[in-house]
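The values are calculated or read from the model by the stated rules, or taken from the named source; none is laboratory data. Fair warning: this is a prediction, and the values are worked out from it, not measured in the lab. Here Cβ is always computed from backbone atoms with ideal geometry, including for glycine, and neighbour counts include all displayed protein chains. Only protein heavy atoms, including side chains, enter the accessible area calculation; ligands, DNA and RNA are left aside. Shrake-Rupley method; radii C 1.70, N 1.55, O 1.52, S 1.80 Å.
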Amino acid sequence: MAIYERIADAPRRRYRVRSPVSLAPIGEFECATAEDVRAAVERARKAQASWAELTVAQRTAYAWRLLDQFVKRQDEIVDAVIQETGKARSEAIGMEVFACCDAIAYYAKRAPRFLAPEKRRIHGLLGFAKRLRLVYKPLGVVGLITPWNGPVVLTVNPLVQALLAGNAVVHKPSEVTPFSALLVKRLSDDAGFPPDLYQVVQGDGETGAALIEAGVDKVSFTGSVATGRKVAEACGRRLIPATLELGGKDAMIVCADADLERAAQGALLGSCMNTGHYCCGTERIYVDEKIYDPFVEKVVAAAQQLRQSDTGETDVGAVFWDRQMEIIEGHMADAVAKGAKVLVGGRRNPTLPGLYYEPTVVVDVSHDMELMRKETFGPIVAIQKVRDEEEALRLANDSEYGLNGNVWTTDPEKGQRLAERMETGGVCVNDMAITYGVPEAPFGGVKASGVGQVNGAQGIRGYCHAHPILADRKGKGPIQGGYPYNRKSQQGMQRFIRLLWGTPLGRWLA
Ligand code: NAD
């Protein structure tokens with residue numbers, strides 16, 4: 001049964017949404033038309049003009065009040081997210097409340113510093129004549145397009161940055177999780193943000209495409225590689241900037257000297273957390289043959305202990321969307337047909353009425369299987385035996401994706417060396433899946449996993465135009481190097497070039 005299905009076409013597309021926990025309907029929504037979206041962007045632009053006049057410190061007061069809402073209304077958020085996604089309660093608290101609180105507080109506390117006008121020293125002799133100041137100016141209206149796997153956190157993290165930077169935001173959430181977005185909207189309204197500064201336009205891919213065409217000044221997109229390409233093309237046509245946070249196929253390298261207990265826990269958590277619906281989820285595990293058997297034994301023993309139920313008090317929750325279930329089942333069927341061996345799970349949970357796939361451990365996998373090449377996004381621990389670390393690294397890098405990865409070893413220097421050689425946006429050593437939650441770490445994929453980096457000072461400044469104001473220190477008298485050009489000034493310039501870059505003292509000064 002489809003988690004969301006179209007129930008009307010005209011005059012507007014209308015969808016019914018079901019909970020993956022019970023498959024019972026939980027609500028309906030109507031898609032905003034291109035005209036609705038344009039009107040929302042116009043209203044946002046008006047609201048943005050007065051918002052931009054506030055100082056960053058004044059804007060932070062709103063963010064602190066949003067934080068109060070999150071702290072006070074935790075249960076409401078957790079229940080709404082569980083109903084819509086079926087994720088485990090611990091994950092709803094950790095990912096959708098804790099991580100949001102951390103992001104809001106992080107930026108509210110630091111935005112005034114990150115966005116303060118900056119004096120920059122100018123190099124060489126030019127610095128004696130000119131001074132440079134950078135002002136971080138908001139871009140205007142940001143189009144935020146989000147996926148379904150972290151419906152609150154993947155909204156709130158970019159939202160709070162864009163707003164604190166002085167922008168308005170028009171948000172097109174995933175059609176799979178439309179109600180979590182409305183909850184964020186209610187929380188922000190209750191925090192007192194000015195009307196129309198943050199608006200939600202419900203809809204499907206067509207609505208997302210309409211948002212890009214509706215006059216926004218930047219697009220912050222999180223989603224699949226296929227949609228990311230379309231978004232990049234549309235933004236390219238419109239000549240507006242975009243950050244694209246796309247899919248992944250993260251590899252885990254387990255060295256012979258790894259702490260096996262910890263690595264086995266990491267394998268399980270990295271692969272099954274959020275039902276495996278995590279962009280930085282561990283999707284491929286390469287284990288040195290010297291410790292392969294004990295490692296697999298530990299993973300299997302721990303996987304057999306995982307609980308799966310539809311009460312929320314579960315370790316591994318529901319698959320959020322029937323389309324993802326089809327992908328998981330398809331990848332597993334392909335792997336088994338090509339010789340993979342299932343040690344735990346490997347099927348849809350027959351005891352639960354909702355959309356549940358059993359936590360699964362599968363071995364004897366190889367790169368001719370979809371399971372090791374395409375994003376599976378399910379609770380699958382896929383383990384491949386390798387000769388040594390070099391083979392592990394070669395296989396880890398043999399992927400069209402490059403989001404994150406992780407390395408497990410008790411030798412810290414080796415961990416750093418291997419991490420540096422991974423062709424990914426970031427790497428964890430003896431840990432996994434946490435990079436997005438550490439704003440000091442620029443986050444973003446390489447290869448097909450994305451364009452641009454988000455989070456931290458660099459991320460919030462990405463919602464601004466860094467406006468350089470270059471002033472002459474004196475501001476009077478003749479302009480050096482100006483008209484009239486003549487032989488004498490040309491010779492003078494050439495002498496100057498020889499003096500400045502042709503002598504050690506000159507080079508030091510330059
Ligand atoms: P998706 O690409 O199908 O949809 C993402 C959003 O884009 C949705 O809101 C959708 O309605 C909208 N959309 C669809 N077509 C569009 C178009 N032509 N123009 C504009 N918008 C359009 O992705 P999904 O299935 O919702 O999300 C899962 C994917 O997101 C996975 O690949 C996952 O790895 C990735 N993801 C990446 C990160 C990251 O930070 N790198 C984080 C979370 C999820």
From Cα pairs below 8 angstrom and at least 6 apart in sequence, can you work out the relative contact order of region 325-424, rounded to a whole percent? 21 percent
Going by alpha carbons, how many degrees (0 to 90, nearest 10) lie between the helix axis of 178-190 and the longest principal axis of the chain? 50 degrees
Under the √(5λ) rule applied to the eigenvalues of the Cα gyration tensor, what semi-axes describe the equivalent ellipsoid of the chain? Give them in Å, descending. 44, 32, 20
Between GLY27 and residues 5 or more places away or on another chain, the pairs with built amide H atoms under 5 Å apart involve VAL17
Filtered hits (lysines, Cα-Cα < 17 Å from LYS374, offset >= 8 within chain) -> LYS249, LYS338, LYS447
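Given a 1.4 Å probe and every protein chain left where it sits, what share in percent of the accessible area of the chain is carbon and sulfur? Can you show the working numbers first?
On the way: 12280 of 22910 Å².
Reported share for carbon and sulfur atoms: 54 percent.
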ALA2 long-range amide H proximity, modeled H, under 5 Å: none
If each part is reduced to its alpha-carbon centroid, region 157-179 and region 182-213 end up apart, in Å, by 6 Å
Mind putting a number on the dipole of region 30-153 about its Cα centre? Charges go on the C-beta only, +1 for Lys and Arg and -1 for Asp and Glu, and I need it in Debye to the nearest 20. 1320 debye
Tell me, what HN-Hα J-couplings in whole Hz come from the Karplus equation 6.51 cos²θ - 1.76 cosθ + 1.60 at θ = phi - 60° for each residue of region 417-429, using x for Gly and Pro? 4, 5, 4, 4, 8, 7, 8, 9, x, x, 9, 10, 10
Considering only C-alpha atoms, what is the centroid distance from region 82-116 to region 356-429, in Å? 27 Å
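Quick check for me: using +1 on Lys/Arg Cβ and -1 on Asp/Glu Cβ, what's the dipole size of the chain about its Cα centre, in debye to the nearest 20? Provide the component values of the computation, followed by the final result.
Numbers: 63 positive and 61 negative charges, 783 e Å.
In total the dipole reaches around 3760 debye.
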Please work out the C-alpha center-to-center distance from region 238-272 to region 273-310 and express it in whole Å. 12 Å
Specify which residue in the list LEU132, PHE98, TYR62 is farthest towards the positive end of the charge dipole of region 10-143, using unit charges on the beta carbon of Lys, Arg (+1) and Asp, Glu (-1), about the Cα centre. LEU132
Would you calculate a helix-derived [θ] at 222 nm for the chain, using -39,500 (n - 2.57) for each DSSP H run of n ≥ 4 and dividing by the full residue count, to the nearest 500? -12500 deg cm²/dmol
Could you tell me the relative contact order of region 203-340? Use alpha-carbon pairs under 8 Å, at least six residues apart, and round to a whole percent. 18 percent
Run the numbers on the chain and let me know its relative contact order in percent, using alpha-carbon pairs under 8 Å that are six or more apart. 17 percent
In whole Hz, what ³J(HN,Hα) sequence does region 88-93 give by Karplus (6.51, -1.76, 1.60; θ = phi - 60°), x for Gly and Pro? 4, 4, 4, 6, 5, 5
Accessible area of MET332 in the full protein assembly, 1.4 Å probe (Å², nearest 10): 10 Å²
Looking at region 85-224, send over the antiparallel percent of its DSSP beta bridges, to the nearest 5. 20 percent
Pairing the Cα long axis of helix 56-72 with the longest principal axis of the chain, what angle in degrees results, from 0 to 90 and rounded to the nearest 10? 10 degrees
Rank these residues by their accessible area, most exposed first, probe 1.4 Å: CYS279, CYS272. CYS279, CYS272
Can you list the GluC sites (Glu not before Pro) in region 11-57 that are in a DSSP coil and have 15 or fewer other beta carbons within 10 angstrom? GLU53
Which loop-located GluC sites (Glu not before Pro) does region 238-304 contain, where loop means any DSSP state but H, G, I, E or B and the Cβ has at most 15 other Cβ atoms within 10 Å? GLU289
So for TYR107, TYR436, what's the accessible-area order with a 1.4 Å probe, most first? TYR436, TYR107
Leading residue at positive end of dipole, the chain (Cβ point charges), from PRO173, GLY475, ALA226: GLY475
Under a no-solvent Debye model with one identical scatterer per Cα of region 268-391, what's log10 I(q)/I(0) at q = 0.13 Å⁻¹? -0.47
Of all DSSP beta bridges in the chain, what percent run antiparallel (nearest 5)? 45 percent
Give me the net charge for the shell around VAL438: Cβ to Cβ below 12 angstrom, other residues only, Lys and Arg +1, Asp and Glu -1. -3
With a probe of 1.4 Å, find how much accessible area the chain has per residue, and write the answer as a whole number in Å². 45 Å²
What is the set of long-range amide H partners of TYR198 at a cut-off below 5 Å, with H atoms built 1.01 Å from backbone N? VAL169
Which trypsin sites (Lys or Arg not before Pro) in region 375-468 sit in a loop by DSSP (not H, G, I, E or B) and have at most 11 other Cβ atoms within 10 Å of their own Cβ? ARG387
